[in-house]
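Before any comments, here is the structure.
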Amino acid sequence: MNEQDYMKITGGIDERFVAEYADYPGRRVVSSRRRIGIAIAIAAAVALMIPAGVFAFTQLTHRDKVSIYYSEEGVRLLEENHLTDGYTVENGKIRLTVDVQICDGNYVEGIYTLTALTEDAKEHLHTVSGYRVYADDYEYMWGAGGSGSSDGSTWTEDEISWSFRYPVRGKAIDESRPMRVIFFEDFKTGEPFHYDGHTFTGDFTYYEGIYFDLITEPNIPTKTLRSEDGTEIVLSHFGMSMIDENKDEPVEEITFSTINSLVIIASDGERYDLMSELGLSAISMSAGGVSIISSNGYTIELSGDINRGKFSIRFGTAFDLDNVSGVEINGVKYMEK
């Protein structure tokens with residue numbers, strides 16, 4: 001398992017960030033007032049004032065588990081706007097369900113669930129490895145980066161849900177080729193396989209045919225923010241990300257960077273200090289790993305290294321894009337142009 005850093009945090013809701021979810025061209029969105037606050041890993045929740053029967057939505061199979069990562073408010077938006085995935089494959093021993101896939105053009109992220117279908121398969125749920133490969137020839141995507149994490153509260157005897165995130169562009173990625181996540185157990189008894197000059201040992205006994213393909217095109221609304229030097233951050237309802245190809249290099253080892261300040265700048269110019277709201281003086285980010293801040297059913301997930309120009313932050317719920325004009329990270333402003 002990748003590095004996980006669990007911290008207690010408290011806070012409240014800033015009502016300036018309560019607004020309805022914007023319509024996204026090309027995706028069916030039923031018109032309805034859906035009020036939701038920025039509510040980033042905080043104790044209180046914003047009520048969604050939606051009368052029963054107003055709209056149809058796609059029900060998540062593992063709704064309770066996905067809500068641990070995206071919050072109840074975020075899950076409702078995912079369902080109402082048909083952002084659930086629902087891909088399922090099984091081999092008689094293990095079932096894979098891809099609950100959610102979200103792509104902002106820099107990263108693809110989401111939740112998948114592994115379910116044991118037989119008694120003996122249960123002990124193989126927690127020894128699984130997931131590797132990203134090119135789907136056309138199964139070449140391992142060496143140096144491309146990516147991470148996964150699992151909140152312990154999603155674990156049961158016969159099922160476990162994981163959060164995942166992978167960059168979909170960068171110097172180490174051939175964007176013209178489809179990408180796939182394959183699963184196996186990393187046992188010495190497994191058969192060696194070779195990718196790009198590297199040798200791995202994998203046992204596919206319980207995971208034969210268990211894989212899913214990653215989406216690489218944006219499927220959610222986004223807003224591009226830029227600093228004075230032209231560096232870009234992509235903001236979505238669910239988080240933010242950066243891939244600066246002037247700095248981006250293949251990840252050969254885990255490195256760390258620190259976020260000392262993180263401020264949301266509202267359209268009216270007011271500043272919303274998230275670090276103060278979270279009660280934190282600093283947040284560690286890890287290239288090749290993941291850091292999680294978790295409290296009261298909300299989780300913020302951070303991966304990458306801001307100093308390398310590649311990072312992703314999932315906010316653990318959804319917030320309004322229209323009322324945000326910029327963000328400030330470590331004193332550097334990224335504003336809507």
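Between Asn260 and Asp136, the simple label model (points 7 Å from Cα in the Cβ direction) yields a spacing of 4.6 nm.
Taking other C-beta atoms within 10 angstrom as a stand-in for reagent exposure, Ile329, Ile68 fall in the order Ile329, Ile68, fewest first. A simple spin-label model places the labels of Arg169 and Glu119 5.2 nm from each other, with each point 7 Å out along Cα-to-Cβ. Sorting Ile306, Ile215, Ile300 from the fewest to the most surrounding beta carbons within 10 angstrom yields Ile215, Ile306, Ile300.
Rounded to the nearest whole Hz, the Karplus-based 3J(HN,Hα) values (6.51 cos²θ - 1.76 cosθ + 1.60, θ = phi - 60°) of the stretch 66-82 follow the sequence 4, 5, 5, 8, 10, 6, 4, 5, x, 4, 4, 5, 4, 5, 5, 9, 6, with x at glycine and proline. Which of the pairs Lys65/Lys93; Lys65/Lys247; Lys65/Lys171 have their Cα atoms more than 30 Å apart in this structure? The pairs that break the limit, which is 30 Å between Cα atoms, are Lys65/Lys247; Lys65/Lys171. Stretch Arg63-Lys337 to full length: gain in nm at 0.36 nm per residue minus the Cα-Cα span? Stretched fully, the Arg63-Lys337 segment lengthens by 94.9 nm. Applying the Karplus relation 6.51 cos²θ - 1.76 cosθ + 1.60 with θ = phi - 60° to the stretch 157-162 yields 3J(HN,Hα) values of 4, 10, 7, 8, 10, 10 Hz, where x marks Gly and Pro. For the stretch 256-286, backbone nitrogen atoms closer than 12 Å to the point 7 Å from Asn330 Cα along Cα-to-C-beta are found at 256-262, 283-286. Shown here for the stretch 70-135: GluC sites (Glu not before Pro) in loop regions (DSSP other than H, G, I, E, B) with at most 15 other Cβ atoms within 10 Å, namely Glu119.
Each reported figure results from applying straightforward, stated rules to the coordinates on display, with no laboratory input. For clarity, every value in this text was computed on a predicted model and none was experimentally measured. Positions of Cβ are generated from backbone atoms using ideal geometry, with glycine treated the same way; all protein chains shown enter the neighbour counts.
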